[in-house]
Amino acid sequence: MKYDFLAVEKKWQDKWEAEHVFEAQDNSDKPKFFGLVEFPYPSGAGMHVGHIKAYSGLEVVSRKRRMQGYNVLFPIGFDAFGLPTENSAIKFNTHPRILTDANIEKFTNQLKRVGFSFDWTRTIDTTDEKYYRWTQHIFLELFKNGLAYRDTALVNYCPHCKVVLSNEDSQGGKCDICHSDIVQKSKDVWYLRITKYADKLLEGLENVDYLPQVKQQQVNWIGKSTGAFVNFKVKGADETLRIYTTRPDTLFGVTFMVIAPEHPMLARCADKITNYAELEAYREECAKKTEFQRTQLNKDKTGVKIEGICGINPLNGKEIPIYVADYVMMGYGTGAIMAVPAHDERDYEFANKFGIDIIEVIKGGDIAKEAYTGDGEMVNSEFLNGFTNKKDSIKRMIEYLEEKGIGEEGVQYKMKDWAFNRQRYWGEPIPIVHCQHCGMVPVPEEELPLRLPDVKNFEPGEGGESPLAKIPEFVNCKCPVCGKDAKRETDTMPQWAGSSWYFLRYIDPNNDKCLADPEKLKYWMPVDWYNGGMEHVTRHMIYSRFWHKFLYDMGEVNTEEPYAKRTAQGLILGPDGEKMSKSRGNVIDPNEVVDQYGADVLRTYILFMGDYGAAAPWSESSIKGCKRFLDRVMDLVDIAKGNGVTEALVTKTHKLVKKVTLDIDDMKFNTAIASMMAYINDVYEVGSITKDELGILVRILCPFAPHICEEIWSLLGNNGLCSTAEWPEYDEAKTVDNTVEVAVQINGKVRGRVMLPLNCPKDEAIAEAKKVLAEAIEGKTIVKEIAVPNKIINIVVKP
RNA sequence: GCGGGCGUGGCGGAAUUGGCAGACGCGCCAGACUUAGGAUCUGGUGUUUUCCACGUGCAGGUUCAAGUCCUGUCGCCCGCACCA
């Protein structure tokens, strides 16, 4: 039966909207399901097939859960603050508000065209002042609790975008937005004290159902290590040099120390150091290197020895030279290390280059050749000699250090505090007032939202100051505490702010008293299933878990963790097998696919391509297979006659319902679709199907290809929508045939087949098998007979 | 270097977790229908000369039986990366 897919799809989309089919109910006795997908950044380019794949997984799960009687919250919104919009507003001489609204409208139309079952009544926009009012509220809570602070620090600065970036946004020394090389710059910036939650973020992972690689990446990102801080007296200056080490037990093997070029001790000891000029020159040289150069060229160690002062080993009083070298980073630990070249590869390399002694303290390797980093018996270490276990020797050394007051156990994290500001216009204004008398004062809650001023000119300043700094009406204000003249903070929040709590707002999007009603939170939270890209596992997910844990501590939310389960979809690659990109010209536009084949085909194909979690290339020809499949389903309308069951299809139908039901929950969408294809192949072979059976098929196909299923459902004469029909049940007993074909092997090779009744006893099965194999086993000695019920019979023979 | 993952036909990919490798789809071949076919339908399609034999990156091993488990090895992808 031919049908006009574009007209049919539009018809059902309108019907769903008119009948409020996908709207979540707030007061419901039904079990709830909160399915969350990462809301898009509404770029001018419009939707990408990657968006469709990212949403299709939970789209299918959500549609199925609704049919199974769940009250489903499956929302969508727009993460609309950000640099790309601001940059194109500057380029086209318009306002980011105008562009954002246009882009949101474009995305909305495109999403609706694909037939996603989002609850459009709960849509949020992070740039809406009714939304960012609450983002500002959370910032103020963080500030009042000492978790938002200003500090002068070396920051990652992008000279092209003119913004300070967090470590997460400048990985590999490249700006995450424009890919320029970033430079280190000293600046007074805002930080959020995420490190205070490092342990909670780590521990929380034990109680959530995340993909193993997601957990692993977060664990690595937090990067917890345990060890000790040790204080070294400095000879020739009134200084104590504090270091961090994970192997305090190797303290007797220390032959030099290294401090980072930016280490403050250098300046403090300037008058005691005899080669200070040389050290300054080296520091300048290092500052010129980008982070990229510093890490990529890591094989060749550089450094300069400090003359005039040296360290003292606190255990034995030995004098130890101190070097400045850029392989030690100011940003980790204390910016200073004790070097044990015998047992650390980097120290070993450095010692060889500078001709420094190497003292073995752990037996097991050949330190003449390379550093030995394995376990072994401690030597040359006085009271530690004879220890063979790393754990024990570290424990003993820490006890000793603490006893003598020269050091203590300590913990370090790779994760640093979150650089939380941008010097750009299109972001949430930070609601802080700088008062000469009162210091930094929070904007009173009742004055929120602190709105972005509506201005024509919002280009960033050359010196890296925010465009807001050039607007006197915004900057000048009265101090909320003392009432005297004061100035507003002009930095805005980074892109990640709005997305750090957005899922909460879906629960109560219009509340103007609090970010969401506690009763509603109690019903809906946590998010039952969150799906998104692997690229957001370390930034967005860690940031939002941090905010959520903070809000939990403040009593504003009721769960410790926001997301109960997290999965990730794989990329859709271009037809050439490469990552899709405009420059490569291999981008597939979902709109064109919908025009050509319809939304149902697009949805079905994207989920049929392969394992949902794996990357797979787009194929212009493979998609036709899905088109044919759906056409063949449509053609069944003409064949379907009568009610009840078709004898030849009974088992197949029950098997199919079981397979699709289980596969959807396992995200095995490709095999679910494959089994439906196989089923209709069987139907055509059998040559008949009842209306009841076709009704079952379209109900389980509905989450994938909802429009065509609605159409068939109504053609079959059903009242009501297929999308709200009951999910079919299967009878386990009817999923198996009462006879099974069993392969018969000799010495593990298939030599025949027998039809046996289900669960046929072993000896009977073997007897049957022998009949089939009579010729083959004649004259041979049977060594062993194996029969696995309903699966295989293997006769082992010798000639 | 560290962490995670992967390697199966011409292609995308299946395989109930140790039990008939290649489901399903694409492509291809042949045929049917047709004025026409980049439409539809039917049959075929791992390699090899039908039988035999050989086949899941490579080399071993365990087992009645290995894509699946073990040892070694090669290659690819992703994340982090001088983290002390």
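Tabulated data for the structure shown
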{"quantity": "Members of the range A:566-608 found to be near RNA strand B (Cβ under 9 Å from one of its atoms), open to solvent by less than 40 Å² (accessible area, probe 1.4 Å) and either among the hydroxyl-bearing types (Ser, Thr, Tyr) or within 19 Å of A:Met676 (Cα to Cα) (or both), listed by number", "calculated": "A:Tyr605"}
{"quantity": "The range A:767-784 residues that are over 23 Å from A:Pro757 (Cβ atoms) and in a loop (DSSP other than H, G, I, E, B), paired with ones that are open to solvent by less than 70 Å² (accessible area, probe 1.4 Å) and not hydroxyl-bearing (Ser, Thr, Tyr) (beta carbon under 8 Å, 6 or more apart)", "calculated": "A:Lys780/A:Val797"}
{"quantity": "The one condition in (1) modelled with pLDDT under 85; (2) near RNA strand B (Cβ under 10 Å from one of its atoms); (3) open to solvent by less than 20 Å² (accessible area, probe 1.4 Å) that A:Ala769 fails to fulfil", "calculated": "(2)"}
{"quantity": "Number of the exception - A:Ile673 against (1) aliphatic (A, V, I, L, M); (2) out of contact with any Ser or Thr (no Cβ under 8 Å at 6 or more places or on another chain); (3) within 14 Å of A:Phe629 (Cβ to Cβ)", "calculated": "(2)"}
{"quantity": "Positions within the range A:254-281 being of a type outside the set (D, E, K, R) and in contact (Cβ under 8 Å) with a residue 60 or more places away in the chain, in sequence order", "calculated": "A:Val254, A:Thr255, A:Phe256, A:Met257, A:Val258, A:Ile259, A:Ala260, A:Pro261, A:His263, A:Met265"}
{"quantity": "Single residue of A:Ala18, A:Ala7 found to be over 23 Å from the mean Cα position of the chain (by Cα), small (Gly, Ala, Ser), at pLDDT below 95 and open to solvent by 50 Å² or more (accessible area, probe 1.4 Å)", "calculated": "A:Ala7"}
{"quantity": "Qualifying positions in the range A:335-352 - open to solvent by 20 Å² or more (accessible area, probe 1.4 Å) and near RNA strand B (Cβ under 7 Å from one of its atoms)", "calculated": "A:Ile337, A:Asp344, A:Arg346"}
{"quantity": "All positions within the range A:680-696 that are open to solvent by 10 Å² or more (accessible area, probe 1.4 Å) and assigned to a helix (DSSP H, G or I)", "calculated": "A:Asn681, A:Asp682, A:Tyr684, A:Glu685, A:Val686, A:Lys691, A:Asp692, A:Ile696"}
{"quantity": "Which listed residue, of A:Tyr282, A:Tyr323, A:Tyr276, A:Tyr244, is of a type outside the set (Asp, Glu), out of contact with any strand residue (DSSP E or B) (no Cβ under 9 Å at 6 or more places or on another chain) and at pLDDT 90 or above", "calculated": "A:Tyr276"}
{"quantity": "Filtered residues of the range A:476-499 (kept if within 14 Å of A:Pro429 (Cα to Cα), surrounded by 18 or more Cβ atoms within 10 Å (Cβ to Cβ) and touching a strand residue (DSSP E or B) at 6+ places or on another chain (Cβ under 6 Å))", "calculated": "A:Arg488, A:Glu489, A:Thr492, A:Pro494"}
{"quantity": "Extreme residue, farthest from RNA strand B (Cβ to nearest atom), among residues of the range A:620-643 that are part of a loop (DSSP other than H, G, I, E, B) and open to solvent by 30 Å² or more (accessible area, probe 1.4 Å)", "calculated": "A:Asn643"}
{"quantity": "In the range A:785-798, the residues that are more than 8 Å from RNA strand B (Cβ to nearest atom) and assigned to a strand (DSSP E or B)", "calculated": "A:Glu785, A:Ala787, A:Ile793, A:Ile795, A:Val797, A:Lys798"}
{"quantity": "Among the candidates A:Leu241, A:Leu201, A:Leu251, residue that is under 29 Å from the mean Cα position of the chain (by Cα), under 30 Å from A:Lys395 (Cβ atoms) and crowded, with 22+ Cβ neighbours inside 10 Å", "calculated": "A:Leu201"}
{"quantity": "Restricting the range A:365-392 to residues that are part of a loop (DSSP other than H, G, I, E, B) and aliphatic (A, V, I, L, M), the residue that is surrounded by the fewest Cβ atoms within 10 Å (Cβ to Cβ)", "calculated": "A:Ala368"}
{"quantity": "Failed item, numbered, when A:Glu711 is tested on (1) away from RNA strand B (no atom under 16 Å from the Cβ); (2) out of contact with any Phe, Trp or Tyr (no Cβ under 8 Å at 6 or more places or on another chain); (3) open to solvent by 10 Å² or more (accessible area, probe 1.4 Å)", "calculated": "(2)"}
{"quantity": "Single unsatisfied condition, A:Leu205 versus (1) more than 10 Å from RNA strand B (Cβ to nearest atom); (2) closer than 21 Å to A:Ala371 by Cα", "calculated": "(2)"}
{"quantity": "The range A:529-550 residues that are under 25 Å from A:Asp666 (Cα atoms) and open to solvent by 10 Å² or more (accessible area, probe 1.4 Å), paired with ones that are of a type in the set (A, V, I, L, M, F, W, C) and outside any helix (DSSP H, G or I) (beta carbon under 6 Å, 6 or more apart)", "calculated": "A:Met534/A:Ala568"}
{"quantity": "Some residue of the range A:10-28 being assigned to a helix (DSSP H, G or I), at negative phi and touching an Asp or Glu at 6+ places or on another chain (Cβ under 6 Å)", "calculated": "yes"}
{"quantity": "In the range A:208-233, the residues that are away from RNA strand B (no atom under 13 Å from the Cβ), open to solvent by less than 30 Å² (accessible area, probe 1.4 Å) and modelled with pLDDT of 95 or more", "calculated": "A:Phe232"}
{"quantity": "Test: residue in the range A:656-665 that is farther than 24 Å from A:Thr724 by Cβ and open to solvent by 10 Å² or more (accessible area, probe 1.4 Å)", "calculated": "no"}
{"quantity": "Subset of the range A:659-693 (residues that are more than 25 Å from A:Ser714 (Cα to Cα), within 7 Å of RNA strand B (Cβ to nearest atom) and touching a helix residue (DSSP H, G or I) at 6+ places or on another chain (Cβ under 6 Å))", "calculated": "A:Asn670, A:Thr671"}
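A quick yes/no check of all residues on (1) among the aromatic types (Phe, Trp, Tyr); (2) at positive phi:
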{"residue": "A:Lys390", "(1), (2)": "no, no"}
{"residue": "A:Gly405", "(1), (2)": "no, yes"}
{"residue": "A:His434", "(1), (2)": "no, no"}
{"residue": "A:Phe458", "(1), (2)": "yes, no"}
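Rundown of residues vs (1) among the small types (Gly, Ala, Ser); (2) within 16 Å of RNA strand B (Cβ to nearest atom); (3) closer than 30 Å to A:Ser466 by Cα, yes/no style:
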position	(1), (2), (3)
A:Glu489	no, no, yes
A:Pro494	no, no, yes
A:Ala497	yes, no, yes
A:Tyr506	no, no, no
A:Gly532	yes, yes, no
A:Ser544	yes, no, yes
A:Lys549	no, no, no
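The values are calculated or read from the model by the stated rules, or taken from the named source; none is laboratory data. Nothing here was measured: the structure is a model prediction, and the numbers come from that model. Counting neighbours? That spans all protein chains shown, and the Cβs are built from the backbone with ideal geometry, glycine included. We work out accessible area using only protein heavy atoms, side chains counted, and drop any ligands, DNA or RNA first. Shrake-Rupley method; radii C 1.70, N 1.55, O 1.52, S 1.80 Å.
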